[in-house]
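Report on the structure given below.
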Amino acid sequence: MFNKLTVSTMALAIGLVGMQAAQAKTVHVTMTAKETTVEIDNKGTKYKAWTFDGAIPGKTVRVTEGDIIDFKLINPKTNKESHSMDFHAAEVDVLGEFAPVKPGETKHFKFKAKRAGVWMYHCGASVMAQHIARGMYGAIIVDPKEGYTKDFPKPDREYVLIQGQYFPDADNYKAMIRNEGSEGSLINGKMFHYDPVHDPSASLVLQSKPGERVRLYFVNANINNPVAFHPIAGIWDRVYINGNPKNTLVDMATYGVAVSEAVTVDIVSPADKPTNNAIVDHTMSAALRGAITVLMNKPDADPKAGKDGNLIVR
Ligand SMILES: [Cu+2]
């Protein structure tokens with residue numbers, strides 16, 4: 001029979017399980033596949049995109065390790081194509097949860113975010129190269145359940161940057177697969193989105209105050225090309241491979257990001273003066289065709305920029 005100690009140990013164990021269950025939450029996420037027109041540069045050039053909810057990239061999903069994501073994908077009957085959702089943070093069935101959804105249908109599935117990190121999500125419907133290149137991608141951040149620690153300090157500002165390849169001939173999926181016809185690099189859906197130095201039409205930049213820790217969640221949503229992720233006039237203070245603090249590198253000039261890989265990096269600017277960084281894909285064919293982002297570190301930085309969940313600057 002149970003002695004007193006066993007009973008109290010069991011009560012403690014049940015209590016702990018109960019606490020964890022109370023902490024983990026269910027996060028409801030709904031996205032609608034939209035075959036629509038977007039602006040692909042700062043001048044307003046139109047592009048026939050396929051998107052989640054009408055924008056490139058789709059919204060950032062953010063949960064905590066252990067949470068359940070309750071996801072619904074709506075494919076309106078006005079669309080021509082089947083679409084799907086492939087969350088890299090999910091361990092499920094490619095033929096089940098990730099299966100294509102026909103126009104007029106809705107898909108519903110749940111998964112537990114068991115592993116901390118930053119992950120790509122994308123449409124995996126055929127031809128996948130085309131569905132990604134036309135804009136169906138985004139980021140899901142799974143914050144570690146331990147929260148911030150000495151080795152994973154709380155950042156002052158946070159931004160999401162997602163790089164993609166721009167193929168103006170949106171219908172030519174054969175060229176996409178051959179990696180032919182790409183005319184630019186998109187950062188959060190636009191070439192030179194945050195670079196007024198190379199594009200006078202650009203009006204946005206990333207901002208921080210001198211000495212602040214800026215955390216970038218970066219996703220390589222190119223369909224073919226790796227990215228040489230580098231902060232010009234700076235050094236990555238920390239690189240959390242796949243966004244997991246258990247995989248930390250320090251003092252890196254350039255970090256190579258594979259196609260579909262996501263990474264979290266920290267940069268800390270000098271505290272004693274205003275500076276600027278150019279966050280680039282150091283691959284010149286990508287940088288000089290759009291993959292340059294200016295980070296201004298200045299005392300009068302917008303107090304709201306990169307704060308309060310406002311991760312994608314639009
Ligand atoms: Cu799609």
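Taken together, the values in this text are just the output of simple stated rules run on the coordinates, not laboratory data. Note that the coordinates shown come from a computational prediction; the quantities given were computed from them, not determined experimentally. Here the Cβ is made from the backbone with ideal geometry for all residues, glycine too, and neighbour counts use every protein chain on show.
Mind checking which of 228, 301, 125 has the largest fluctuation in a GNM of the chain, springs on alpha carbons under 10 Å?
301
Along its three principal axes, how long is the chain when you only count alpha carbons? Whole Å, largest extent first please.
77, 57, 31
Taking the Cα-to-Cβ direction at residue 300 and at residue 178 and moving 7 Å from each Cα, how far apart do the two end points lie in nm?
Placing both labels 7 Å beyond Cα along the Cβ direction yields 5.3 nm.
What order, most packed first, do the peptides 128-135, 31-38 have when packing is the mean number of other Cβ atoms within 10 Å of each residue?
128-135, 31-38
Among 209-220, 261-272, what's the highest-first ranking by average C-beta atoms within 10 angstrom per residue?
Answer by packing, highest mean first, reads 209-220, 261-272.
Using a 10 angstrom cutoff on alpha carbons, build the Gaussian network for the chain and name the most mobile of 239, 63, 250.
Per the Cα network of the chain with a 10 Å cutoff, 250 tops the list.
At q = 0.11, 0.12, 0.16 Å⁻¹, what base-10 log of I(q)/I(0) does the Debye formula yield for segment 156-314 when every alpha carbon is treated as an equal point scatterer in vacuo?
Each listed q maps to, in turn, -0.41, -0.49, -0.86.
Once you sort the root eigenvalues of the Cα gyration tensor of segment 267-314 as a ≥ b ≥ c, which label holds: rounded (a/c under 1.5), prolate (a/b larger than b/c) or oblate (the other case)?
The shape class here is oblate.
Show that you can apply the helix-only estimate: for the chain, add -39,500 (n - 2.57) for every DSSP H stretch of four or more residues, divide by all residues, and state [θ] at 222 nm to the nearest 500.
One gets -3000 deg cm²/dmol as the mean residue ellipticity at 222 nm.
If contacts are Cα pairs under 8 angstrom and at least 6 residues apart, what is the relative contact order of the chain in percent?
16 percent
In segment 92-108, whose amide N lies under 19 Å from the spot 7 Å out along Cα-to-Cβ of residue 53? List them in ranges.
Within reach of a label on residue 53, which here means backbone N under 19 Å from a point 7 Å along Cα→Cβ, segment 92-108 contributes 106-108.
Among 200, 231, 57, whose mean-square fluctuation peaks in a Gaussian network model of the chain (Cα, cutoff 10 Å)?
Result: 200 has the largest fluctuation of those listed.
Take every DSSP beta bridge with both residues inside the chain and express the antiparallel ones as a percent of the total, to the nearest 5.
75 percent
At 0.36 nm per residue, minus the direct Cα-Cα distance, what do residue 29 and residue 198 gain on full extension? Give it in nm, one decimal, please.
On the way: separation 169, 0.36 × 169 = 60.84 nm, distance 3.67 nm.
So the extension gain works out to 57.2 nm.
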